[in-house]
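Asker: I'd like to ask you about the structure that follows.
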Amino acid sequence: MRGTALTSMVAVGLAMAPGAFAADVSPKKVGSVDELQDMKDFCGTKPIRVALSDGNGGNSWRRITLAELRDEASKCPNITEVKYTDGQGNPQKQIADIQGLAAQKYDVIVVNPDSGEALIRTMRQATKAGSAVVPFTVGETFAGEPGKDYLAAVTESVVNGGKLNAEWVAKQLSGKGNVIVFGGSPGNNFTNTLKAAWTEVWAKYPGIKVLEGPIDTNWDPAQYQQIMAGLLAKYPQIDAVYSDYGTGSVGALRAFVAAGRKIPVWSSGDANELGCFWKDHVADNPDFKLATWSSRTWLSRLALRKGVAAAEGIDNAEPSILNLPMEEDSTDPALQPKCDASLPPDAILSSKLSKEQLAELFK
């Protein structure tokens, strides 16, 4: 039953193999944010140590994601340590980081696996060693097998979100126009899953042409601006941009302003700076329609809850795959882009951190 400790398999004479967890954490359940629960339901009482293995901690999204995980962990007095490792964009370093965390017997290892399938073997080894390994924000097509290679993969439905925003772009273009698509790090599963989604949608609109993309940016706003400047020089007509990182989008938008080009239809993840940029420039750019999905920094919280529940022997019935609605849509009066000028530009307003916590994080 959810929220109650399960009877130990050892207690009934069935010794558990390393990496085997008695708790059911619903690894294949699909649902909505309405089904999410409180961390305190899963804390248990056993002292445990948790860690976040990041593929590349070099941007504000990663900082917020880590802060969300730490804030969630603070709700459990029996979590005695929260450790963070940064793979610095090097798959071999992240592999070594996860191996080190498993060797140090961390009970829960939440993983942001930028290198995708390259980390499956290492996560499987950590799982076998007894850690509850939970990759997150990977898309529902992520490789590996829950219960074997990792405990569960926690993610938004990238297919659902990707299609939702691709259809929005097609609607704004009336089914015809030139599109640039920005991605993240080379080979990452999130960008690849998005590509499958928008490819399927835009195949229904022969008038939509993807000029280039998904273009690797490593989710670095400086790269977005530099790349966009080159694309503007190359293509006289760009009707829409489809990007998976809101703060990165602002870099690309600055390139439009610097080049004196009108800003087109734009789809991206949400970011405070992006919403503020739209408010500042929409009057001079009537075609600058903006739609965003949640930047879902808070998924690190759900990943932690799943891992802690398993380590404590408590069932977790929350969805592992979430269907998220549109976060902002400038064409919808009820979903206007958000801007909080009192917060730093790098803040993400769909975060579950308080306004005060965001301000402190970027102070």
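Asker: Looking for something surrounded by fewer than 17 Cβ atoms within 10 Å (Cβ to Cβ) and farther than 30 Å from residue 66 by Cα - is there at least one such residue anywhere in region 219-230?
Answerer: Yes, region 219-230 has at least one match.
Asker: Within region 219-260, track down each residue that is in a helix (DSSP H, G or I) and at pLDDT below 95.
Answerer: Across region 219-260, the qualifying residues are 221, 222, 246, 247, 248.
Asker: Can you name every residue in region 231-258 that is more than 20 Å from residue 276 (Cβ to Cβ) and either open to solvent by 60 Å² or more (accessible area, probe 1.4 Å) or over 24 Å from the mean Cα position of the chain (by Cα) (or both)?
Answerer: First pass over region 231-258, keeping only residues more than 20 Å from residue 276 (Cβ to Cβ): 231-240, 242.
Result: 231, 232, 233, 234, 235, 236, 237, 238, 239.
Asker: Condition test on residue 155, is it crowded, with 22+ Cβ neighbours inside 10 Å, outside any helix (DSSP H, G or I) and more than 15 Å from the chain's Cα centre (by Cα)?
Answerer: no
Asker: Inside region 207-256, can you point out the residues that are over 15 Å from residue 288 (Cα atoms), aromatic (Phe, Trp, Tyr) and in contact with a strand residue (DSSP E or B) (Cβ under 8 Å, 6 or more places away or on another chain)?
Answerer: Of everything in region 207-256, those that are over 15 Å from residue 288 (Cα atoms), aromatic (Phe, Trp, Tyr) and in contact with a strand residue (DSSP E or B) (Cβ under 8 Å, 6 or more places away or on another chain) turn out to be 224, 235, 245.
Asker: Residues in region 20-29 that are hydrophobic (A, V, I, L, M, F, W, C) and open to solvent by 50 Å² or more (accessible area, probe 1.4 Å): how many?
Answerer: Residues meeting the conditions: 1.
Asker: Identify all residues within region 177-218 that are open to solvent by 20 Å² or more (accessible area, probe 1.4 Å), part of a helix (DSSP H, G or I) and of a type in the set (A, V, I, L, M); write none if there are none.
Answerer: Of everything in region 177-218, just one residue is open to solvent by 20 Å² or more (accessible area, probe 1.4 Å), part of a helix (DSSP H, G or I) and of a type in the set (A, V, I, L, M), namely 196.
Asker: Further question: Please specify each residue of region 338-352 satisfying the condition of being of a type outside the set (S, T, N, Q) and surrounded by 21 or more Cβ atoms within 10 Å (Cβ to Cβ).
Answerer: 347, 348, 349
The values are calculated or read from the model by the stated rules, or taken from the named source; none is laboratory data. This structure is a prediction, so every number in the text was calculated from the model and none was measured. Here the Cβ is made from the backbone with ideal geometry for all residues, glycine too, and neighbour counts use every protein chain on show. Heads up: the accessible areas ignore ligands, DNA and RNA and are worked out on the full protein's heavy atoms, side chains in. Shrake-Rupley method; radii C 1.70, N 1.55, O 1.52, S 1.80 Å.
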